[in-house]
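Reviewing the structure listed below.
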Amino acid sequence: MEQTLCFILLLIALCSVSECVQRQYHFINVKKNWTEAQRYCRENYTDLATIDNMNDMNELKKSVNDVFWIGLQKTSVYKWQWSSGDPALYLNWGSGQPDGGDECGLMLNGQFHDYSCSNAIPFICNNTNTGLVFVNQTKNWRDAQSYCRQNHIDLVSVRNQNENQRVQQFINGLSLSGSLIWIGLFRDSWQWSDQSDSSFRYWNTGEPNNAGGAENCVDILNTVGLWNDAPCHLQFPFVCHEDKLILIKENVTWSEALRYCRQNHVDLAAVLSEEMQLEAMNVVQQASTEAVWLGLRQSRILCIWFWVRGETVCHQNWANDTSEVCESAETSGAVQCGGDQRWISFPETEKLNFICSNYE
């Protein structure tokens with residue numbers, strides 16, 4: 001393996017269900033073009049770095065002193081997303097909307113409309129302490145996003161019907177019904193190398209500008225920490241990430257899953273806390289079976305459940321309170337892929353997808 005200087009950045013992210021992905025980041029101080037960097041990361045870690053939120057971004061800015069590649073690349077597919085990093089699964093478009101090539105979204109009378117990002121209108125931010133914050137200043141969408149990130153959290157996301165009603169009631173309470181107001185909705189054609197749904201972006205002013213018509217990859221100029229589109233053939237250092245929980249979409253018995261994880265990673269996954277449960281919930285969304293094996297096993301002699309690496313089962317997430325029921329056959333634990341994603345028991349001969357862990 002080539003000589004590399006690796007700064008290992010363990011990022012413990014502030015978690016929501018949509019963004020709780022704990023990763024280990026590795027700065028590789030060897031210059032490669034974007035495709036070579038992607039290949040290196042996939043061979044040695046998980047992939048070129050995905051950045052989910054400002055917590056990730058701030059850690060990278062503190063720890064890397066160079067221009068470096070991340071795993072964002074332009075595609076031919078445009079899709080609507082939220083500035084906060086959440087995928088846009090709920091889109092409450094007004095009649096005839098979206099109606100053109102505009103790439104930013106506003107709210108008008110409780111519904112979404114596409115609008116030119118360069119137009120200047122008021123906007124709504126999210127704030128941890130005060131909730132929704134109306135900013136009665138006219139800014140273009142990008143400047144509104146920057147303002148919210150610097151002074152609050154981000155432009156507001158409207159991810160479901162309840163949030164839609166809450167935002168519209170907030171607007172009505174300010175006697176602003178009928179006004180055009182920026183929300184955190186935008187569309188672009190950029191995609192993460194690991195196919196993550198994260199829509200977090202942190203562009204420098206005037207970027208991406210596709211100078212020369214061939215700037216299809218993204219680097220970070222770490223003196224300012226902002227993103228820039230650049231030709232993919234340029235050679236820079238790069239950051240890889242290594243996922244701590246890995247979904248394996250193969251249908252195998254519990255024993256086969258255990259053997260695979262110990263040969264290729266560290267072990268079958270243990271869920272030791274609420275934070276790790278949120279992480280597992282995010283991972284299993286891509287599974288192809290109704291449930292996914294965990295490193296959870298029942299001792300028929302002692303009639304107790306235990307994690308195969310020896311940890312005590314302190315955090316409980318059972319679908320039904322059957323944790324003290326002694327089964328007559330070898331029984332192991334899995335996490336459901338639907339509903340509340342609770343733990344359930346299966347005969348160990350059941351064939352399911354499984355989660356491996358890279359936690360030492």
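Could you list, in sequence order, the residues of the stretch 44-63 that are within 18 Å of residue 203 (Cβ to Cβ) and in a loop (DSSP other than H, G, I, E, B)? Correct list: 49, 50, 51, 52, 53. Checking each residue in the stretch 154-164 for being touching a residue at least 24 places away in the same chain (Cβ under 8 Å) and open to solvent by 80 Å² or more (accessible area, probe 1.4 Å) picks out 159, 161.
Each row is one residue, and each column tells you yes or no for (1) under 30 Å from residue 93 (Cα atoms); (2) modelled with pLDDT of 90 or more; (3) not β-branched (Val, Ile, Thr).
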| position | (1), (2), (3) |
| --- | --- |
| 184 | yes, yes, yes |
| 192 | yes, yes, yes |
| 200 | yes, no, yes |
| 210 | yes, yes, yes |
| 223 | no, no, no |
| 243 | no, no, yes |
| 247 | no, no, yes |
| 259 | no, yes, yes |
| 267 | no, yes, yes |
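Being open to solvent by 50 Å² or more (accessible area, probe 1.4 Å), within 23 Å of the chain's Cα centre (by Cα) and either farther than 23 Å from residue 242 by Cβ or modelled with pLDDT of 80 or more (or both) is the requirement here; does residue 330 meet it? In short, no. Of 150, 195, all but one fail to be within 30 Å of residue 67 (Cα to Cα), open to solvent by 60 Å² or more (accessible area, probe 1.4 Å), within 19 Å of the chain's Cα centre (by Cα) and free of Cβ contacts under 8 Å to residues at least 12 places away in the same chain; the exception is 195. Tallying residues that are under 12 Å from residue 124 (Cβ atoms) and assigned to a strand (DSSP E or B) within the stretch 158-196 yields 5.
Within the stretch 209-234, the residues that satisfy the criterion of being within 20 Å of residue 53 (Cβ to Cβ) and assigned to a loop (DSSP other than H, G, I, E, B) are 222, 224, 225.
Considering only residues that are hydrophobic (A, V, I, L, M, F, W, C) and either surrounded by fewer than 18 Cβ atoms within 10 Å (Cβ to Cβ) or assigned to a loop (DSSP other than H, G, I, E, B) (or both), which ones fall in the stretch 109-120? Matches in the stretch 109-120: 117, 120.
With respect to the conditions (1) within 25 Å of residue 169 (Cβ to Cβ); (2) open to solvent by less than 40 Å² (accessible area, probe 1.4 Å), residue 95 falls short on a single one, namely (2).
Per the listing 349, 289, the residue uniquely under 15 Å from residue 248 (Cα atoms), part of a loop (DSSP other than H, G, I, E, B), of a type outside the set (D, E, K, R) and modelled with pLDDT of 80 or more is 289.
The values are calculated or read from the model by the stated rules, or taken from the named source; none is laboratory data. All values derive from a computational prediction rather than experimental measurement. Positions of Cβ are backbone-derived with ideal geometry, glycine not excepted, and every protein chain shown enters the neighbour counts. What goes into the accessible areas is simple: the full protein's heavy atoms, side chains included, and nothing from ligands, DNA or RNA. Shrake-Rupley method; radii C 1.70, N 1.55, O 1.52, S 1.80 Å.
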